[in-house]
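The values are calculated or read from the model by the stated rules, or taken from the named source; none is laboratory data. Since the structure is predicted, the reported quantities are computational estimates derived from the model, not experimental observations. Note that we place each Cβ from the backbone using ideal geometry, even for glycine, and neighbour counts take in every protein chain shown. For accessibility, only protein heavy atoms count, side chains too; no ligands or nucleic acids. Shrake-Rupley method; radii C 1.70, N 1.55, O 1.52, S 1.80 Å.
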Amino acid sequence: MAKMIRKNYLMAPGPTPVPTDILLEGAKDTIHHRTPQYLEIQKKAIDGCQYLFQTKQPVYILSSSGSGAMEAAVANLINPGDKAISVNSGKFGERWGDLCRAFEADLDEIKLEWGSMVKPEQIKEALEKNPDTKAVFTTLSETSTGTIHPIKEIAEIVKDYEAILVVDAISGLLAQPLKMDEWGIDVVVTGVQKGFMMPPGIGLISASEKAMKVINENKNNKYYFDLKAYAKKYPDSPWTPPINLVYQLAKSVELLQEETIEGLWERHELMAKATRKAMEAMGLELFAENPGNVLTSIKVPEVVDGKKIVSFLRDNWGVTFAGGQEHLKGKIIRIAHLGYMSQFDVIIGISALEMGLKKFGYDLELGSGVKAAEEVFIKAGV
Ligand SMILES: *Cc1c(COP(=O)(O)O)cnc(C)c1O
């Protein structure tokens, strides 16, 4: 057969597909940022972010990817020599450790096997050992494995200490329940190229009053990401903001607010459930200890070349999944159901995986995964 047209399907946990309405917002004329017209758009974007973070605290817009917001959190909280605790059970928890070391924290890193979930008691033990800890750095959804950490329970514990609780919700926000104020989380960071359905380029960060006190007293060297500068100018920006991306953010939050935060959690939960049921029906084993709504990670069957199948699906059929990182390269496949995704996107992903696995020598009944997912959707009445 002649070469077929290739349509692209982004099914990796960031960047995620961008709806046309959001893409078009970015094409509007760039206006000057020190104007009431621009400020109105930025305020709309911020209002929406506050709702989506479930906070009344300011949300600051940074010109960076999510890691920039992570760096801002560490740079603004940690003086050299300050005690910090971080949870490392995957690539992104590891990043908290790298950042803490870069800013010379006295770090107690809770190292777990990749894919496992931290137990709230482990945080309590670490805090009991060092009650003068400045900050605890955790991850809502560990994207390298798909594991969800019990943030609500961790917040219950950290509340009783001086420490600031910082949560990397870069992939988890919007897909996975998180209520910043109600749960008592001090700092939440995210990036817009995941649940917000946007092109990359904005990092978001919000801090509680307890955290702002620590931030105001922090003596660490920093400049561009000094949150005091952002607080002083708020809701305006200290530097030139990413103007056209902020247009897109205003559109994104409008679309997300229409769906409501509970609706977003529910949709992502349903997509995840259908995917897990499909994997089970295909005889595949899940990888993560406490898999969530962001992505489903599966162990690659023995007979299949885990690296080749991921690049084959991407380069030949246009379906981009994520493989494993570091020592998990070739061992797991991560199927995202994050952001601009409906039940039929999930079906496409499952079908592509079925066909790909079959092609790479894994014995399965074609349609078994698709059928299982369809049954979940029909039962849910969507
Ligand atoms: C994507 C991701 C990051 C990194 O964000 P960048 O936008 O690539 O800098 C950090 N943490 C988690 C949990 C992520 O999913």
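Structure above, values below:
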quantity	calculated
Residue-level accessible surface for MET271, protein heavy atoms, 1.4 Å, Å²	10
Residue-span extension gain [GLU153 to HIS327] - 0.36 nm each, minus C-alpha spacing	59.7 nm
Modelled FRET efficiency - R0 41 Å, SER116 with GLN37, Cβ distances, 0.05 increments	0.25
The chain, accessible surface, carbon-and-sulfur percent (1.4 angstrom probe)	51
The chain: equivalent-ellipsoid semi-axes (sqrt of 5 x gyration tensor eigenvalues, Cα, Å)	35, 26, 18
Surface per residue (accessible, 1.4 Å probe) for the stretch 20-259, Å²	39
Subset of LYS210/LYS233; LYS194/LYS359; LYS28/LYS251; LYS83/LYS210; LYS91/LYS111; LYS7/LYS358 violating a 23 Å alpha-carbon distance limit	LYS194/LYS359
Which of LEU245, LEU357, LEU23, LEU10 is most accessible, then next, and so on - probe 1.4 Å	LEU23, LEU10, LEU245, LEU357
Listed residue (GLY191, ALA352, LEU165) projecting farthest to the positive dipole end of the chain, Cβ model	ALA352
Karplus 3J(HN,Hα) series, Hz, for the stretch 271-276 with 6.51 cos²θ - 1.76 cosθ + 1.60 (x for Gly, Pro)	4, 5, 4, 4, 5, 5
Probe 1.4 Å - accessible area at ARG314, Å² to nearest ten	100
Dipole magnitude of the stretch 260-380, debye to nearest 20 (Cβ charges: Lys/Arg +1, Asp/Glu -1, about Cα centre)	260
Size of electric dipole in the stretch 1-100: Cβ of Lys, Arg +1 and of Asp, Glu -1, about Cα centre, debye, nearest 20	320
DSSP beta bridge pairing in the chain, given as percent antiparallel to the nearest 5	50
Accessible-area order (highest first, 1.4 angstrom probe) of the listed residues TYR247, TYR9, TYR224, TYR161	TYR224, TYR9, TYR161, TYR247
Set of the stretch 51-84 residues, backbone N closer than 15 Å to the point 7 Å along the Cα-Cβ line of LYS233	59-64
Qualifying aspartates and glutamates (Cα of each under 17 Å from Cα of LYS299; at least 8 residues distant if same chain)	GLU113, GLU142, GLU280, GLU285, GLU289, GLU326, GLU354, ASP363
Spacing of the two label points (7 Å from each Cα toward its C-beta) at LYS371 and GLU125, in nm	4.6
THR143 long-range amide H proximity, modeled H, under 5 Å	PHE92
Most to least packed among 228-236, 13-21 [average Cβ atoms within 10 Å]	13-21, 228-236
Within a Gaussian network of the chain (alpha carbon springs, distance under 10 Å), most fluctuating of VAL214, VAL59, VAL246	VAL214
